[in-house]
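First up is the structure itself, then whatever we jot down about it.
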Amino acid sequence: MPHSKTTVALPSMTPGTGRGLVFHRFGRTGARPKVYLQAAIHANELPGAMALHHLLPMLVAADRGGRIRGEIVLAPVINPIGLAQLAGSTHLGRYDFLGRDNFNRNWPELSGAVAERVGARLGKSAVDNVALIRKAALAALGAMKLANELQALRVEALRRSMDADVVLDLHCDAQAVLHLFISRRDWPGPARVLAAELGARATLYNDPYPEALTFSGVNSALWARLAARFPAARVPQACLSATVEYRGQHDVSHVLGSADARNLYRFLVRRGVIAGRAGRLPPLRAQATPIGGMDVGYAPRTGILVYHAREGARVRKGEPVCEVIDPLDARGPRARVQVPARTDGILFSRRPDGRLAWPGMVAFRIAGAKLLAHRRGVSGLDD
Ligand SMILES: [Zn+2]
């Protein structure tokens, strides 16, 4: 089946307006392995869309050359709702204006619906279980009543990802080095290959069933939750699902986009989705660390935010990472409050867009190997 491009209409929310989702498809429907890629669910995060802009013509050429072995479904920008959220010459694409929902939270988690449909039929054959579970997940999505445009967007994306062997959700941070969020069940295994191939400078593994219900989280958690719920049945981790954070919001260039596309392409070759030679796997740049070892630096008060370290820097526990300055205080250096690192690790992200801090604002995040007492009980990716 040749390359196709389709537009799926979303329900109109106001008279005279309507949006659609664009999907590209390569390879025969049902061919394996199946890979699903999407970018910019947080609509103001475009480095991933830039990588896909460079990947698409490579896939078209592979298709023309008869080299697509599996199936690839790709959404260059998955969130037209967020793309349209312009306010006062500023693009705000992280939260839905209508319901204030973070676009990458509260995705439908299907393990309950799947368990109801086929739980009793899961047995010792992993292959049969995978087929049953995928079919039931798609049926559960088909049975959902969709109240609005955002729900339709989520279900249309999941209808294309839920039966995939690999799901990559492309994001970015404010200022960051390339990093991944993965499920613990995939490390080292397939996620290690992904991290090496893409050149990840930090990889954070989450609990296999996170509470945050991100897009990549629900694609992955389906398998982990069913495996936990039916311990006598053989339920493998049939989907490698990862959130790929392509550096910072302003890291959009042809140099980065084409390099990222080449790395993605090589990963697809290595996974057998495209015929060819992947060559030697690049060395892993950073071992994965637990999400419970991720230190999050919060601004203690409002003021001017100044950093002492750049993203990607290795920092030590106790070292000041940034400071918040009270601009109304005349005491010079004494008007500054330091925010120290609380672990040794890689400062992989500096968070805010601007340089105004407010109490409780996330200022930075550090990937550390040691589980941190102050992070206990904290779940979610904060991506
Ligand atoms: Zn994001």
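The values are calculated or read from the model by the stated rules, or taken from the named source; none is laboratory data. Keep in mind that this is a model prediction, so the values were computed, not measured. Heads up, the Cβs are rebuilt from the backbone with ideal geometry, glycines too, and the neighbour counts pull from every protein chain shown. These accessible areas exclude ligands, DNA and RNA; they are computed on the full protein's heavy atoms, side chains included. Shrake-Rupley method; radii C 1.70, N 1.55, O 1.52, S 1.80 Å.
Just one of the listed residues (S241, S220) is at pLDDT 95 or above and part of a strand (DSSP E or B), and it is S241.
If the condition is being β-branched (V, I, T) and under 22 Å from N206 (Cβ atoms), then segment 240-263 contributes T243, V244. The set of residues in segment 308-350 that are assigned to a loop (DSSP other than H, G, I, E, B), of a type in the set (D, E, K, R) and open to solvent by 90 Å² or more (accessible area, probe 1.4 Å) comprises R310, R316, K317, R331, R342.
The residues of segment 210-254 that are among the hydrophobic types (A, V, I, L, M, F, W, C) and within 16 Å of the ligand (Cβ to nearest atom), listed by number, are A212, L213, F215, V218, A242, V244, V252. Being touching a Pro at 6+ places or on another chain (Cβ under 6 Å) and over 20 Å from G217 (Cα atoms): is that true of G70 here? It is true that G70 is touching a Pro at 6+ places or on another chain (Cβ under 6 Å) and over 20 Å from G217 (Cα atoms). For segment 178-209, a residue qualifies if it is more than 15 Å from the ligand (Cβ to nearest atom), open to solvent by less than 20 Å² (accessible area, probe 1.4 Å) and within 22 Å of G257 (Cβ to Cβ), and the qualifying residues are L194, A195, A196, E197, L198, G199, A200, A202, T203. Just one of the listed residues (R301, R280) is assigned to a loop (DSSP other than H, G, I, E, B) and under 22 Å from A174 (Cβ atoms), and it is R301.
So that you can scan it fast, the table gives a plain yes or no per residue for (1) outside any helix (DSSP H, G or I); (2) at pLDDT below 95; (3) small (G, A, S):
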position	(1), (2), (3)
P11	yes, no, no
T17	yes, no, no
R28	yes, no, no
H42	yes, no, no
G48	no, no, yes
A51	no, no, yes
H54	no, no, no
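For segment 68-81, indicate whether the set of residues that are in the same structural domain as N219 (by TED's automatic domain parsing), within 16 Å of the ligand (Cβ to nearest atom), surrounded by fewer than 17 Cβ atoms within 10 Å (Cβ to Cβ) and not aromatic (F, W, Y) is non-empty. So far as segment 68-81 goes, no, none of its residues is in the same structural domain as N219 (by TED's automatic domain parsing), within 16 Å of the ligand (Cβ to nearest atom), surrounded by fewer than 17 Cβ atoms within 10 Å (Cβ to Cβ) and not aromatic (F, W, Y).
Of the helices (runs of 4 or more DSSP H) lying entirely inside segment 89-195, those containing at least 3 residues that are under 16 Å from the mean Cα position of the chain (by Cα) are 149-161. In segment 165-173 there is at least one residue that is in contact with a Cys (Cβ under 8 Å, 6 or more places away or on another chain) and open to solvent by 10 Å² or more (accessible area, probe 1.4 Å).
Tallying residues that are open to solvent by 40 Å² or more (accessible area, probe 1.4 Å), away from the ligand (no atom under 16 Å from the Cβ) and closer than 30 Å to T90 by Cα within segment 12-53 yields 10.
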